[in-house]
1. Is it the case that region 71-87 has a residue that's open to solvent by 70 Å² or more (accessible area, probe 1.4 Å), without any contact (Cβ under 8 Å) to a residue 40 or more places away in the chain and in a strand (DSSP E or B)?
2. Select from region 33-55 the residues that are modelled with pLDDT under 95, open to solvent by 60 Å² or more (accessible area, probe 1.4 Å) and on the phi < 0 side of the Ramachandran plot and list them in ascending order.
3. Scan region 52-61 and give yes if some residue there is touching a residue at least 60 places away in the same chain (Cβ under 8 Å), in contact with a strand residue (DSSP E or B) (Cβ under 6 Å, 6 or more places away or on another chain) and within 27 Å of residue 114 (Cβ to Cβ), otherwise no.
4. May I ask you to list the residues in region 94-115 that are assigned to a strand (DSSP E or B), within 12 Å of residue 4 (Cα to Cα) and open to solvent by 70 Å² or more (accessible area, probe 1.4 Å)?
5. Can you tell me which residue is most open to solvent (accessible area, probe 1.4 Å) among those in region 1-32 that are assigned to a strand (DSSP E or B) and charged (D, E, K, R)?
6. Quick check on region 35-63: of everything there that is touching a Lys or Arg at 6+ places or on another chain (Cβ under 6 Å) and among the aliphatic types (A, V, I, L, M), which residue is farthest from residue 90 (Cα to Cα)?
7. Of all residues in region 1-43, count the ones that are farther than 18 Å from residue 106 by Cβ and over 15 Å from the mean Cα position of the chain (by Cα).
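The values are calculated or read from the model by the stated rules, or taken from the named source; none is laboratory data. Remember, it's a predicted structure, so these values are computed and weren't measured experimentally. Backbone-built Cβ (ideal geometry, glycine too); neighbour counts: all protein chains shown. In case anyone asks, the SASA skips ligands and DNA or RNA and just uses the protein heavy atoms, side chains included. Shrake-Rupley method; radii C 1.70, N 1.55, O 1.52, S 1.80 Å.
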Amino acid sequence: QVQLVESGGGLVQPGGSLRLSCAASGSIFDFYPMGWYRQAPGKQRELVARIRSGGSRTYADSVKGRFTISRDYAKNLVSLQMNSLKPEDTAVYYCYYGRGMVDYWGQGTQVTVSS
């Protein structure tokens, strides 16, 4: 059983910053990737950032240079530092843990970028 609990969403002005955190519990193995996806109204869920064992990171082109993903393996915590936020970053952000053939998701946290 795996549980993912996100925190840190909210309302921020364009150009501002937010930090999302995801606390994982249960059968978490360092070998498998964790990351963040997002889904805006009327759009498909998309990858934002992913981190694999060994520190390999993948980012969506739209967030490169603005977002940074990190993982604390000892605490089973994955974070997403979001800087220079834009209105188009508005979405529900979901924490993700991919263990082989099974994907686990958090409940989502809303991020709204608006003046």
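1. Scanning region 71-87, I find no residue that is open to solvent by 70 Å² or more (accessible area, probe 1.4 Å), without any contact (Cβ under 8 Å) to a residue 40 or more places away in the chain and in a strand (DSSP E or B), so the answer is no.
2. Of everything in region 33-55, those that are modelled with pLDDT under 95, open to solvent by 60 Å² or more (accessible area, probe 1.4 Å) and on the phi < 0 side of the Ramachandran plot turn out to be 41, 52.
3. Going residue by residue through region 52-61, those that are touching a residue at least 60 places away in the same chain (Cβ under 8 Å) are none.
No, region 52-61 contains no residue that is touching a residue at least 60 places away in the same chain (Cβ under 8 Å), in contact with a strand residue (DSSP E or B) (Cβ under 6 Å, 6 or more places away or on another chain) and within 27 Å of residue 114 (Cβ to Cβ).
4. Just the residues of region 94-115 that are assigned to a strand (DSSP E or B), to begin with: 94-99, 102-105, 109-113.
From what's left, within 12 Å of residue 4 (Cα to Cα): 94-98, 103-105, 109.
Listed by number, the residues that qualify are 103, 105.
5. The initial filter retains those residues of region 1-32 that are assigned to a strand (DSSP E or B), namely 2-7, 10-12, 18-26.
From what's left, charged (D, E, K, R): 6, 19.
On the way: 6: 13, 19: 119 Å².
The extreme case among them is 19.
6. It comes out as 51.
7. Narrowing region 1-43 to residues farther than 18 Å from residue 106 by Cβ: 11-17, 30-31, 41-43.
When the remaining residues are screened for being over 15 Å from the mean Cα position of the chain (by Cα), the result is 11-16, 30-31, 41-43.
Number satisfying all stated conditions: 11.
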